[in-house]
Amino acid sequence: MSRGKRLQVGNVEIWALPDGPADLGGHAGYAAEGEPPINWAPIAERNPESVHGPEHHWRIHNNNYLIRSSGRTIVVDLGVGVGPYPRYRDMHGRLPDALSDIGAGFDEVDTVFFTHCHPDHVAWSMVEEEGRPRFPSARYLLHERDWQEFTGRDPVPRYVERFVRPLYELERLDLLPGETALTPEVTAIEAPGHTPGHMALVISSAGERAVITGDVFNHPLYVTEPWRTFGSDLDKSQGISTREALLDRIEAEGMVLIAEHFPEPGFGHVIRAEGRRFFQAL
């Protein structure tokens with residue numbers, strides 16, 4: 001059951017930690033060569049907070065999550081940080097306020113799980129002026145393929161040097177080789193395409209299931225039309241395959257879909273209407 005920012009999945013408690021929205025100047029997707037034009041109206045009608053303005057431009061939301069499972073406290077992704085974050089209209093993140101709002105502290109978190117190594121998912125990792133991890137008791141987890149991809153670039157992206165490499169140098173970053181159980185109820189699965197090591201997080205407890213999808217679905221459009229190319233996927237073909245396969249699994253297993261860039265808090269179901277699938281917020 002969802003109550004505002006809180007979702008209960010069996011014995012697992014999931015809290016949304018919004019880092020804030022930003023109204024962007026373009027659409028969440030564009031028709032690639034050979035694809036039909038996008039009809040934004042039905043997407044906007046069902047998910048009005050995912051767009052802004054008469055042309056249905058992208059209102060991107062930045063949801064992170066706190067999970068309590070089997071005595072563990074896990075935070076999933078770390079937003080845009082202090083900011084200003086130029087890609088999102090110079091927004092300043094508010095993850096610390098979101099933690100405070102639910103009565104959680106940085107020191108109680110034992111695990112930080114990165115779905116992938118993009119700047120809007122890792123930037124609250126460090127207290128930069130003090131050179132220390134913001135979550136003092138936590139191990140930070142990232143797929144080894146994303147570590148190799150982003151630290152292997154020339155030059156290495158500045159945000160990696162600021163927010164990810166220091167964790168490695170402080171021996172606080174664990175590199176995952178693939179699917180990994182974080183608790184008996186929470187499992188990281190591979191979901192590549194957006195990045196080589198992109199992962200999703202499956203929650204399964206007491207007969208109920210949910211999945212935190214990271215950037216597999218960046219906008220409700222891609223639930224309705226998962227076959228569309230998403231421009232920010234590094235491997236666009238693989239991104240489509242991952243979206244379609246995960247969407248089929250979500251529907252077949254009756255999972256709650258938890259989407260980080262959907263309107264807060266990002267909890268919803270996949271429903272069928274007019275012969276198509278849509279995201280319906282809880």
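What single numbered condition from (1) part of a loop (DSSP other than H, G, I, E, B); (2) surrounded by 24 or more Cβ atoms within 10 Å (Cβ to Cβ); (3) in contact (Cβ under 8 Å) with a residue 60 or more places away in the chain; (4) not acidic (Asp, Glu) fails to hold for LEU201?
With (1) part of a loop (DSSP other than H, G, I, E, B); (2) surrounded by 24 or more Cβ atoms within 10 Å (Cβ to Cβ); (3) in contact (Cβ under 8 Å) with a residue 60 or more places away in the chain; (4) not acidic (Asp, Glu) applied to LEU201, the lone miss is (1).
Please work out if VAL82 is part of a strand (DSSP E or B) and of a type outside the set (D, E, K, R).
It is false that VAL82 is part of a strand (DSSP E or B) and of a type outside the set (D, E, K, R).
Could you tell me how many of the residues in the stretch 32-51 are closer than 12 Å to PHE279 by Cβ, of a type outside the set (Lys, Arg) and either in contact with a Phe, Trp or Tyr (Cβ under 7 Å, 6 or more places away or on another chain) or part of a loop (DSSP other than H, G, I, E, B) (or both)?
So the count comes out to 2.
Across the stretch 132-160, what is the number of residues that are touching an Asp or Glu at 6+ places or on another chain (Cβ under 9 Å), surrounded by 17 or more Cβ atoms within 10 Å (Cβ to Cβ) and part of a loop (DSSP other than H, G, I, E, B)?
Residues in the stretch 132-160 being touching an Asp or Glu at 6+ places or on another chain (Cβ under 9 Å), surrounded by 17 or more Cβ atoms within 10 Å (Cβ to Cβ) and part of a loop (DSSP other than H, G, I, E, B): 2 in total.
For THR242, all conditions in the list (1) open to solvent by 40 Å² or more (accessible area, probe 1.4 Å); (2) farther than 14 Å from PRO42 by Cβ; (3) not small (Gly, Ala, Ser) hold save one; what is the number of the exception?
It fails just one condition, (1).
Of all residues in the stretch 161-179, how many are out of contact with any His (no Cβ under 9 Å at 6 or more places or on another chain), assigned to a strand (DSSP E or B) and more than 15 Å from ALA123 (Cα to Cα)?
Final tally of qualifying residues: 1.
Would you mind telling me which numbered condition in (1) in a helix (DSSP H, G or I); (2) in contact with a helix residue (DSSP H, G or I) (Cβ under 9 Å, 6 or more places away or on another chain); (3) within 22 Å of LEU142 (Cα to Cα); (4) open to solvent by less than 20 Å² (accessible area, probe 1.4 Å) THR195 fails?
(1)
The values are calculated or read from the model by the stated rules, or taken from the named source; none is laboratory data. Not measured: the values here are computed from a predicted model. Methodologically, a virtual Cβ is constructed for each residue, glycine included, from the backbone with ideal geometry; neighbour enumeration extends over all protein chains shown. The accessibility values were calculated without ligands, DNA or RNA, using every heavy atom of the protein model including side chains. Shrake-Rupley method; radii C 1.70, N 1.55, O 1.52, S 1.80 Å.
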